[in-house]
Amino acid sequence: MSTYRVAQVNTPNGTLELTERQVPQPGPGQVRIAVEACGVCHTDAAFVSGALPGVTFPEVPGHEIAGRVEELGDGTSDRGWQVGDRVAVGWFGGSCGHCKPCRDGDFIVCRNLKVPGWTYDGGFAEKVIAPADALARIPDALSATDAGPMACAGVTVFNGLRRSAARPGDLVAILGLGGLGHLGVQYAVAMGFETVAIARGPQKADFAKQLGAHHYLDSTSGTPVAEALQALGGAKAVIATAANSDAITATVDGLAPRGELVVIGADTAPLGINPSQLLMGARILRGHPSGTAQDVEDAMAFSVLHNIRPMTETVPLEQVNDAYQKMLAGRARFRMVLTTG
């Protein structure tokens with residue numbers, strides 16, 4: 001039987017090791033994907049470390065997958081999929097279809113959500129088995145190395161913006177200019193928002209303007225971020241992509257009345273927000289997860305229409321540890337992407 005390579009961790013916080021496995025057959029409702037590219041997301045660290053409940057070892061991370069359908073399981077051709085179709089699979093790796101959120105049509109908060117690299121082997125591999133409901137069709141104009149990050153980083157900020165309280169012409173702030181934030185600024189501008197980029201240091205001002213931001217706020221300048229936002233009229237929405245609770249907290253008083261703080265960046269430290277900050281201005285605080293396969297398709301289509309792409313650094317699967325360590329150290333600008341070709 002033929003084999004394929006995966007990069008797996010055998011123990012918590014272990015080294016990613018290349019190993020060969022026998023090629024699996026997709027079951028009913030599943031497809032096998034020949035992986036062409038897979039982004040390295042910071043959340044992968046939670047799987048590699050075993051920090052999340054239910055992670056088992058050996059562990060194959062990777063939830064920013066792009067490739068081609070290689071084999072169909074029973075029932076998948078009835079859903080319109082064919083061998084050779086270009087597909088992406090992101091954080092949304094399938095839903096159960098029977099829990100209350102699924103019955104309400106809110107699949108991204110499925111109580112039994114399937115996530116590649118968590119509930120089944122992820123995309124740090126040459127092949128992956130995925131449920132058909134996780135597949136997003138990749139547009140012809142989008143490369144695999146761009147589509148992979150779109151399936152997690154891209155759709156998360158895209159959905160966070162389009163489902164926020166803001167409307168075209170409103171002031172919207174993107175906190176952070178990293179792997180999510182650099183896409184968030186581009187999406188915000190394309191959606192017609194007066195866009196504020198917030199990051200640390202004056203040296204990022206030019207980059208923010210290159211992305212299209214109308215304003216740049218240096219959080220280290222000495223002027224409180226909230227005060228600077230209020231000087232611009234107050235933000236209708238702040239999309240917090242930075243995984244820093246203190247930085248997120250510092251934006252709350254910069255919201256306009258009925259403004260919304262959308263938390264995307266994951267940090268385990270508590271937010272320093274008191275009820276009065278929300279009550280007096282009728283402000284909203286909410287967490288925002290990723291997006292379904294349809295949302296991923298929407299994000300990719302919008303990206304093609306407005307020529308928005310992630311900034312990536314590609315490395316072959318053989319160099320997975322270098323890519324992972326570079327991501328962990330914050331030296332990736334902006335998405336590390338593994339390739340199998």
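Mean-square fluctuations from a GNM of the chain, with a 10 angstrom spring cutoff on Cα atoms, peak among Gly117, Gly93, Gly50 at Gly50.
Look at Val55, Val172, Val109 and count the other Cβ atoms within 10 Å of each Cβ; fewest to most, that gives Val109, Val55, Val172. Counting beta carbons within 10 Å around each of Ser164, Ser221 and listing the fewest first gives the order Ser221, Ser164.
When Lys100, Lys326 are arranged by Cβ crowding within 10 Å, least crowded first, meaning fewest neighbours, the order is Lys100, Lys326.
The phi-based Karplus calculation (6.51 cos²θ - 1.76 cosθ + 1.60; θ = phi - 60°) puts the 3J(HN,Hα) values of the range 265-280 at x, 8, 9, 8, 6, x, 7, x, 10, 9, x, 4, 5, 8, 5, 5 Hz, whole numbers, x for Gly and Pro. Between Asp85, Asp298, Asp267, the Gaussian network model of the chain with springs among Cα atoms under 10 angstrom shows the greatest mean-square fluctuation at Asp267.
Shown in residue order for the range 111-128 are the 3J(HN,Hα) couplings computed by the Karplus curve 6.51 cos²θ - 1.76 cosθ + 1.60 at θ = phi - 60°: 6, 10, 3, 9, 10, x, x, 10, 8, 8, 4, x, x, 6, 6, 7, 9, 8 Hz (x for Gly and Pro).
Using only Cα atoms, find the angle between the long axis of helix 181-190 and the longest principal axis of the chain, and express it within 0 to 90 degrees, rounded to the nearest 10. Tilt of helix 181-190: around 70 degrees. Per the Kirkwood formula applied to alpha carbons, the range 164-287 shows a radius of gyration over Rh ratio, Rg over Rh, of 0.93. Pick from Lys127, Lys236, Lys204 the residue whose mean-square fluctuation is largest in a GNM of the chain, springs joining Cα atoms under 10 Å. Of Lys127, Lys236, Lys204, the Gaussian network model singles out Lys204 as fluctuating most.
Read the figures in this text as sums done on the coordinates, not as results from a lab. Everything quoted here is computed from the prediction, not taken from an experiment. So basically every Cβ, Gly included, is an ideal-geometry build from the backbone, and we count neighbours across all protein chains shown.
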